[in-house]
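Report on the structure given below.
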Amino acid sequence: MERSEEYIKNERKQEWRVELQKLTKAKDRMAIERVEMTEMAPEERIKSQRVEVNVGLTKEQAMLEATRCMDCVNPTCMEGCPVSINIPKFIKNIERGNILEAASVLKETSALPAVCGRVCPQEVQCEQRCFYVEKLNLPSVAIGHLERFAADFERESGVISVPELAESNGVKVAVIGSGPSGLSFAGDMAKLGYDVTVFEALHEIGGVLKYGIPEFRLPNAVVDVEIENLRRMGVKFITNYIVGQTASLDDLREEGYKAFYVGSGAGLPRFMNIPGENSNGIMSSNEYLTRVNLMGADSEESDTPILRGKNVVVVGGGNTAMDSVRTAKRLGAERAIIVYRRSEEEMPARVEEVHHAKQEGIEFLTLTNPIEYIADENSRVKQIKVQKMELGEPDASGRRRPIPMEGSEYTIDATVVVVAVGVSPNPLIPNSVEGLEVSKWGTIEVVKDKMQSSIPEVFAGGDIVRGGATVILAMGDGRKAAKNMNIYLQEKYLSNKVEH
């Protein structure tokens, strides 16, 4: 669970850490160049949706990269981590070759280290706060690569540790949604001794980790091992169960559940409401990615094959847009094109994703916005009318506002269009729970530092609160909610038990 500053400082003074600090001089640590992750060749990896792009580090590479870490007295990298991983401790364990211990340290605060090592935007979080970046203007320690390495090493060793668990207190807690937020919350509550059940609407556990992120970025087998670890901690999972339809919150209360965590995500696709948008061949990124990732629609033998096309256009500039356009390439598109209304500098997608997309032959049409879809006689999209944009003053997001350029319209060919311009919160829980305060955007209102809703026993986090977030921010919400729900339940139920 949470570690105090004093605990972290004392850990740093342990004999083995002090020995490591003395072993290599600071200037020698600084002289080591940051490791480069080996990648599958672009021409090989685009042949399959199931081939992971990044290959991972060797033990030698990882130990050398870990040696770069200065083991700072004040580890600012930790301040950049939404789930408070003890970063220097896990890295120093890699440096001394004790990889299984490094993996164990990760699990103290993260339920999904192998996932985060792959999809977390470390470059704008922990790595941005690294001593090398802040003080030396040099590339940070490759914290994300090392996290992935330690988690993968443990998985492949077959010696998988389970975090320390408190004695069972018998209090039943329900988690609605098995995405990163729900899983992170479930892990922390299990550690605290609660009887945790996760309810998932789909037939597979993992939420967006399974349906939204392609296997070339995050293999399902990696997610499954982390879920299995939660099972070993006592977390129960029930699939094909829609809270709000299969059963209400009141029904679950009757079954003895004392508190609820809503992590039901943002599964409602957004469209642009432009002419021709209902033409065949136009779909949301949600549908496109779910059908391929979760239902195997990339296989020719699939019962529900996905639409393929020579010219596939993806509208948007975030990670979901990159995932969609790179999926299209793997499904055989001759031209796979990103159409984005701002410039590449404003793209919210990770730099790594844009880099990989370019390697794979993805075309980027920036400062361009669709204004109409043109269909053929069978109502199938055949062209998109687009308009050039220029950038004005920054808007509320801090990015420069795109302004249409008069008379700049032209058409591009497209037989499949995937719209990836954002999602809205899943409306099921907000609509089915009486007394729950909801924002005008459909997100659940919570007390920020507690993640507690207007109904005291209902906590919420992730996209259902934020409207859209990264995996790691959703996980951070889950951890914060677990900490505060524990305080709430201790006061309401468990303090009485102690008195009797």
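Charges at C-beta only: +1 for Lys and Arg, -1 for Asp and Glu. How large is the resulting dipole of the chain about its Cα centre, in Debye rounded to 20?
Working: 61 positive and 74 negative charges, 175 e Å.
In total the dipole reaches around 840 debye.
Projecting the Cα atoms of Tyr340, Ser302, Leu202 onto the charge dipole of the chain (Cβ charges, centred on the Cα centre) puts Tyr340 farthest toward the positive pole. For Lys236, a cut-off of 26 angstrom between C-alpha atoms picks up these lysines, skipping any fewer than 8 places away in its own chain: Lys107, Lys172, Lys191, Lys210, Lys258, Lys450, Lys480, Lys483, Lys492, Lys497. Note on the chain: helix-only mean residue ellipticity at 222 nm, from DSSP H runs of 4+ residues weighted -39500 (n - 2.57) and normalised by residue number, equals -10500 deg cm²/dmol.
Taking the charge dipole of the chain about its Cα centre, with +1 at Lys and Arg Cβ atoms and -1 at Asp and Glu Cβ atoms, the residue from Thr366, Thr109, Ile91 reaching farthest to the positive side is Ile91.
For segment 122-128, 3J(HN,Hα) computed residue by residue from phi via the Karplus equation (6.51, -1.76, 1.60; θ = phi - 60°) reads 4, 4, 10, 10, 4, 5, 5 Hz, glycine and proline entered as x. You can think of it this way: the chain between Glu15 and Asn431 has 144.2 nm of extra reach, that is 0.36 nm per residue less the Cα-Cα gap.
Simple point charges give the picture: +1 on the Cβ of Lys and Arg, -1 on the Cβ of Asp and Glu, and for segment 388-442 a dipole about the Cα centre of about 140 debye.
Compute the relative contact order of the chain as a whole-number percentage, counting only Cα pairs closer than 8 Å that sit 6 or more residues apart in sequence.
Numbers: 1011 pairs, mean separation 70.8, N = 500.
Relative contact order comes out at 14 percent.
Model label sites at Asn240 and Ile32, defined 7 Å from Cα along the beta-carbon direction, differ in position by 5.1 nm. Distance between the 7 Å Cα→Cβ label points at Asn98 and Thr411: 6.8 nm.
Each label was represented as a point 7 Å from its Cα along the Cα-to-Cβ direction; for Gln128 and Tyr7 these points are 2.7 nm apart. Between the alpha-carbon centers of segment 181-239 and segment 38-114, tell me the distance in whole angstrom. That distance is 21 Å. Roughly how much of Met63 is accessible, in Å² to the nearest 10, using a 1.4 Å probe? About 60 Å², rounded to the nearest 10. Close amide-amide hydrogen proximity is noted between Ala375 and Lys382, each under 5 Å apart and 5 or more residues distant or on a separate chain (H modeled in the peptide plane; Pro and chain starts excluded). Using Cβ point charges alone (K and R +1, D and E -1), the dipole size of segment 208-359 about the Cα centre works out to roughly 340 debye. Candidate values (1) 31.5; (2) 25.7; (3) 22.7 were compared with mean projected area of the Cα convex hull in nm² computed on the shown model; the agreeing label is (2).
Excluding ligands, DNA and RNA, the accessible surface per residue across the chain is 44 Å² with a 1.4 Å probe.
Each residue of segment 305-313 is assigned a 3J(HN,Hα), and the resulting list reads x, 8, 5, 10, x, 5, 10, 10, 10 Hz, derived from the Karplus form 6.51 cos²θ - 1.76 cosθ + 1.60 (θ = phi - 60°), x at Gly and Pro.
The values are calculated or read from the model by the stated rules, or taken from the named source; none is laboratory data. All figures in this text were calculated on a predicted structure; none of them were measured in a lab. FYI the Cβ positions are ideal-geometry reconstructions off the backbone, even for glycines, and counts take in every protein chain you see. For accessibility, only protein heavy atoms count, side chains too; no ligands or nucleic acids. Shrake-Rupley method; radii C 1.70, N 1.55, O 1.52, S 1.80 Å.
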